[in-house]
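Here the structure comes first, spelled out in structure tokens, and everything after it is commentary.
The values are calculated or read from the model by the stated rules, or taken from the named source; none is laboratory data. None of these values were measured; they are calculated from a predicted model. As a convention, Cβ positions derive from the backbone with ideal geometry for all residues, glycine included, and neighbour counts pool all protein chains shown. The protein model used for the area step is the full one, side chains on, heavy atoms only, and it has no ligands, DNA or RNA in it. Shrake-Rupley method; radii C 1.70, N 1.55, O 1.52, S 1.80 Å.
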Amino acid sequence: MSAAEALAPAPPAARPRSRAWRRFRRHRLALFGAAAIVVMVIAAAAGPWLIPFDPLHIDLRHRFQPPAGGGHLFGTDQLGRDLLIRLLMAGRISLTIGFAAMTVSTAFGTVVGITAGYYGGALRIALMRFVDAVLCFPQIFLLLVLAAFIQPSIATLTLIIGATSWMEVARVVEGQVRSLRERDFILAAETLGASGRYVMFRELLPNAIGPIIVAATLTVARAILMEAYVSFLGYGIQPPMASWGNMLNNAQEYLASAPWLAIFPGAAITLAVASFNFVGDGLRDALDARLDLH
Amino acid sequence: MAQEPLLEVSHLSVTFATENGPLPAVRDVSFRLSAGETLALVGESGSGKSVASLALMRLVPPAPRVSLGGSAHFCAADGSRHDLLALAPDAMRRLRGNEISMIFQEPMTSLNPVHRIGEQIAEAIIFHQGASHRAALARAGELLEKVGIPDAHRRLSAFPHHLSGGMRQRVMIAMALACTPRVLIADEPTTALDVTVQAQILELLKELQHANGMAVVFITHNLGVVAEIADRVMVMYAGLIVEEGAMVPVMTRPRMPYTRGLLHSVPRIDPETLGSAPLTAIPGTVPDPLHLPPGCAFAPRCAHAEPACAAAPPPLEPAGEGRLVRCRRWRALAEAPA
Amino acid sequence: MTAGAPLVEVTGLRQWFRVGGGFFGRQDTVRAVEDVSFAIARGEVLGLVGESGSGKSTLGRAVVRMSVPTAGTIRFEGRDITRLGRRALRPIRPRMQFIFQDPFASLNPRMTVRQIVGAPLAIQRPELDPAARAGRVAEALQTVELSPAHLDRYPHEFSGGQRQRIGIARALIMEPRFLVADEPVSALDVSIQAQILNLLIAVRQKLGLTMLFISHDLAVVGHLCDRVAVMYLGRIVEIAPTRALFRCLRHPYSQALFSAAPVADPTLRRPRILLTGDLPSPLAPPSGCAFRSRCRHALPACATAVPPLREAAPGHAVRCIRDDVALGPPG
Ligand SMILES: Nc1ncnc2c1ncn2[C@@H]1O[C@H](COP(=O)(O)OP(=O)(O)OP(=O)(O)O)[C@@H](O)[C@H]1O
Ligand SMILES: Nc1ncnc2c1ncn2[C@@H]1O[C@H](COP(=O)(O)OP(=O)(O)O)[C@@H](O)[C@H]1O
Ligand code: SF4
Ligand code: SF4
Ligand SMILES: [Mg+2]
Ligand SMILES: [Mg+2]
């Protein structure tokens, strides 16, 4: 048999990525969520340059302008600051914290999960017990305890939220790794003399990436919500800097007279959280590895 | 066998509608099956053996995901004739598992893991014969005994995972035989088993067939098994029949280059010539059913191909000894040494 | 080390697994491999046959130290590797490689052919520059007759036979001295099986490989191997040069295994020795000779002690107390 003959065309099959995209596209809500996220990110990043107001500029003559009043599309607040620009600035902070906390918690959760799943035995038991223990505390309680002791800033909030939301990822990764652990291709790497680190990060991690992405997306949603929560309770981002949470806090007093002060940040939080959740659900279906197996 | 065939399949075709276009899994398959006969269906993975048999059982997904063509006339016990492909789903359900049964390759996935095996067998008997639960269970015990399960009556209450692979396949056979079917379709029933257990199962099937006069369609890719049990052989390639005929002539004097290739691929145990010559492998792999070659489907792998082969598909033509061959060069090759 | 010393030498190897346990479950021991000894000379191919569950894979994996043996010793190139740790094994790994049975499970689905075949180099020779690595990968692909056009494809784009070639290329890229092939053709169609067997024979000759070739198919083993060992419930019950074995099968189990294998030639009908029942549970093997429960030649004495592996003819050892049951040349 000659070399040419074994070269017979391999059965054509869509690459996993394009198949995943096809499945994702079928998810209307996920598509909507993805579009909404893109719009929010662009708006938060570029918007402040396009809007001719300063988010901190106090203009007491134009307090409580209703939406579309006096050139302010979303109206103004009790100090006459433009609400739209504040909303966008707050969006920057909320989204930044959301993505950054997701990065922190995903990285940490992945390392914990992959270590537990790969090494197994007593190490796995210890690590997963720790995960369970952290999960036992209500996240918001942990968050408030930590926030009460630490000077709030974007960085510390990110760390605090990250530190209280990595457990989901750890669990997902641990389960995935444990199911892959005994597969022949892992054994193959070990018979090649691969180190634990090589097996974990080169062989196992790429196979767990789907569930990690899904969990990470959902974590962004949760982090945004958490930031809003903490800031709403006054432990988070401090005025005059705007965050969706502290804008809501601020709006409480004027609920009856200036409802738009609450409606816009509330809608922003809902939209952001829902969008990330929709995308997470869509990704969950699209990246379901089982659908890729023959 | 001059009697009327039990099953007469003509021009069976099965096409799946896939994301990438129509996939012809079975193309123009015709054959007859008489009582007491064993027809072996062989061919490489993906050649359409399972799909053809599932289509006869009407176990393929409904239209529009699958389009079925041709006819399959079945002669029922009461003398009536039915076209299996056109039968109403209800009527089909009555035939299935009753007059036509099927056993599958993986006995674990075809048995329900949460029900006791006695109940599973009895259920079929109750559904088709309206027997009482007690009578059905007693019959189930008899069947298990018949398929050689030791301590059969006590095993009735066992769950599938309590049994070994060979035992599970025996249970599957007992279930398939519960209503003394006239036709049994066995899709690689021994592929997952050890040779020693396979030998037991083949022996059992032969005995049962002898006792009931049932006809068997036996799907396998093991040519040794074919030589062991078949009366006739049908070789499939890329959804087509490429050679069909009585077992001994086909296995000893194959005409179609693909059949020859298959037979030569198998190592033989002969202490004198052991390992002295390389096996004559068939190069390459089966064609992708979505992109079949225009002429003879086997041409890209055929050592005897000539330019004409790739131009137009060869017809399935009689080649003596009651056999059919799909190769434009079979006459020339018949004279050449195998 | 003398030139004639075996490349691999296994003595009294045992591999047990604990199963069950937990809160209320009884803990049992599966003796998957029990007191196995053999040696493989340089350049020799030893075949290992037996039913599924007889311990072939467990033995093959232990020999290349994918597991930690329960007892016994494994010598590779004269060195005792039985207790070596991961780090100490690392420099030895490239010289002993493994080919897996399942061509679908043994390749990482998220890696391209280039990455899979190049992995041994990435692990063992990270200092190698990319061009040299690419050259070695291309060479390995050529050895297994795969086109370089496939380098950037993923495993799911290949057929079973092609995947098995990729697995073989990965095993060969470090130019091993010793290869364990665990049923490398069992999952393949006959025609593809022949391609892979021919390929293995060719690379064996080209590289002067020493192999432990595992299969449940006597004909396949006979075609490829110089010597054959037959396993039953964790023990070797017969071991002999291939030709001698097929000329005269001395163990009742080897005879049954041989006679059960269907032959694709309808003019050759052999008498059948039908075994009754299945392989006994490895948790509770019969006392004495483990084959006793299915052996048609069993005597009361077979129940008393495990028969020793005794040399019945030069180089032909059998674990049976009877000397009068040999089966002549088949066919
Ligand atoms: N549900 C389905 N949808 C689309 N294509 C299918 C489907 N089922 C089978 N096919 C295709 O039909 C062809 C024939 O498959 P089939 O299962 O009959 O092969 P086979 O001869 O039984 O092979 P094997 O020896 O592996 O059992 C293959 O190309 C297969 O991919
Ligand atoms: N990791 C394990 N834990 C428990 N039992 C095992 C394990 N690996 C293998 N066994 C058992 O050891 C026996 C031999 O298995 P194996 O070596 O895979 O057989 P073969 O390769 O001959 O089919 C079987 O009974 C199997 O169930
Ligand atoms: S028709 Fe031509 S290509 Fe096809 S099998 Fe015959 S000789 Fe080969
Ligand atoms: S020792 Fe006894 S039981 Fe075992 S194989 Fe020999 S004759 Fe049979
Ligand atoms: Mg099939
Ligand atoms: Mg095995």
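Things worth noting here:
- Residue list for region A:181-191, restricted to those being open to solvent by 10 Å² or more (accessible area, probe 1.4 Å) and modelled with pLDDT of 85 or more: A:181, A:183, A:184, A:187, A:190
- Within region C:199-243, considering residues that are within 16 Å of ligand 6 (Cβ to nearest atom) and at positive phi, the one least open to solvent (accessible area, probe 1.4 Å): C:234
- In summary, residue B:274 fulfils each of the numbered conditions (1) hydrophobic (A, V, I, L, M, F, W, C); (2) out of contact with any Gly (no Cβ under 8 Å at 6 or more places or on another chain); (3) at pLDDT below 90 with the single exception of condition (2).
- Which numbered condition residue C:48 misses (of (1) among the hydrophobic types (A, V, I, L, M, F, W, C); (2) within 14 Å of chain A (Cβ to nearest Cβ); (3) within 22 Å of residue A:184 (Cα to Cα)): (2)
- As for region B:75-91, it holds no residue that is surrounded by fewer than 13 Cβ atoms within 10 Å (Cβ to Cβ), within 16 Å of ligand 1 (Cβ to nearest atom) and more than 18 Å from the chain's Cα centre (by Cα).
- Of the residues making up region B:261-276, those that are open to solvent by 20 Å² or more (accessible area, probe 1.4 Å) and closer than 29 Å to residue B:326 by Cβ are B:264, B:266, B:268.
- Search result, residues across region A:26-50 that are modelled with pLDDT under 80 and open to solvent by 30 Å² or more (accessible area, probe 1.4 Å): A:49, A:50
- Out of C:291, C:246, sole residue that is within 8 Å of another protein chain (Cβ to nearest Cβ), buried (at least 23 other Cβ atoms within 10 Å of the Cβ), under 27 Å from residue C:58 (Cα atoms) and under 22 Å from the mean Cα position of the chain (by Cα): C:246
- In summary, strands (runs of 3 or more DSSP E) completely within region C:139-232 and bearing 2 or more residues that are of a type in the set (Val, Ile, Thr) occur at C:210-214, C:227-232.
- Filter result (free of Cβ contacts under 8 Å to residues at least 40 places away in the same chain and over 23 Å from the mean Cα position of the chain (by Cα)) within region C:299-318: C:299, C:300, C:301, C:302, C:303, C:304, C:305, C:307, C:314
- Residue A:117 vs. criteria in a helix (DSSP H, G or I) and either surrounded by fewer than 17 Cβ atoms within 10 Å (Cβ to Cβ) or within 22 Å of the chain's Cα centre (by Cα) (or both): no
- Scanning region C:33-58 for residues that are more than 26 Å from residue C:207 (Cβ to Cβ) and either within 16 Å of ligand 5 (Cβ to nearest atom) or hydroxyl-bearing (Ser, Thr, Tyr) (or both) gives C:37, C:52, C:54, C:58.
- Note on region B:17-126: enclosed strands (runs of 3 or more DSSP E) holding 2 or more residues that are touching a Leu at 6+ places or on another chain (Cβ under 9 Å) are B:21-33, B:38-42, B:66-75, B:100-103.
- Complete set of residues in region C:136-145 that are open to solvent by less than 10 Å² (accessible area, probe 1.4 Å) and at the interface with chain A (Cβ under 10 Å from one of its Cβ atoms): C:141, C:144
- Within region B:273-280, one or more residues are closer than 13 Å to residue C:264 by Cβ and within 11 Å of chain C (Cβ to nearest Cβ).
- Some residue of region A:202-211 being in contact with a Leu (Cβ under 7 Å, 6 or more places away or on another chain), buried (at least 22 other Cβ atoms within 10 Å of the Cβ) and away from every other protein chain (no Cβ under 14 Å): no
- Qualifying residue in region C:27-40 (condition: within 16 Å of ligand 6 (Cβ to nearest atom), assigned to a loop (DSSP other than H, G, I, E, B) and under 30 Å from residue C:288 (Cα atoms)): no
- Residue in region C:207-226 that is out of contact with any helix residue (DSSP H, G or I) (no Cβ under 8 Å at 6 or more places or on another chain) and farther than 30 Å from residue C:323 by Cα present: yes
- One residue stands out in region C:54-90 among those that are crowded, with 20+ Cβ neighbours inside 10 Å and over 13 Å from the mean Cα position of the chain (by Cα): the one that is nearest to the other protein chains (Cβ to nearest Cβ), namely C:65.
- Output for region C:156-165, where each listed residue is within 20 Å of residue C:200 (Cβ to Cβ), open to solvent by less than 20 Å² (accessible area, probe 1.4 Å) and of a type outside the set (Lys, Arg): C:158, C:160, C:161, C:162, C:164
- Subset tally (residues that are closer than 18 Å to residue C:189 by Cα and either within 11 Å of another protein chain (Cβ to nearest Cβ) or surrounded by fewer than 16 Cβ atoms within 10 Å (Cβ to Cβ) (or both)) for region B:301-322: 1
- Complete set of residues in region B:157-189 that are within 14 Å of chain C (Cβ to nearest Cβ), crowded, with 21+ Cβ neighbours inside 10 Å and within 16 Å of ligand 5 (Cβ to nearest atom): B:169, B:189
- Hits in region B:239-263 (condition: within 13 Å of another protein chain (Cβ to nearest Cβ) and within 14 Å of ligand 3 (Cβ to nearest atom)): B:254, B:257, B:258, B:259, B:260, B:261, B:262
- Residue list for region C:166-198, filter: out of contact with any strand residue (DSSP E or B) (no Cβ under 8 Å at 6 or more places or on another chain), within 16 Å of ligand 6 (Cβ to nearest atom), of a type outside the set (S, T, N, Q) and open to solvent by 10 Å² or more (accessible area, probe 1.4 Å): C:187, C:188
- Qualifying positions in region B:33-56 - away from ligand 5 (no atom under 13 Å from the Cβ) and open to solvent by less than 30 Å² (accessible area, probe 1.4 Å): B:33, B:34, B:37, B:38, B:39, B:40, B:56
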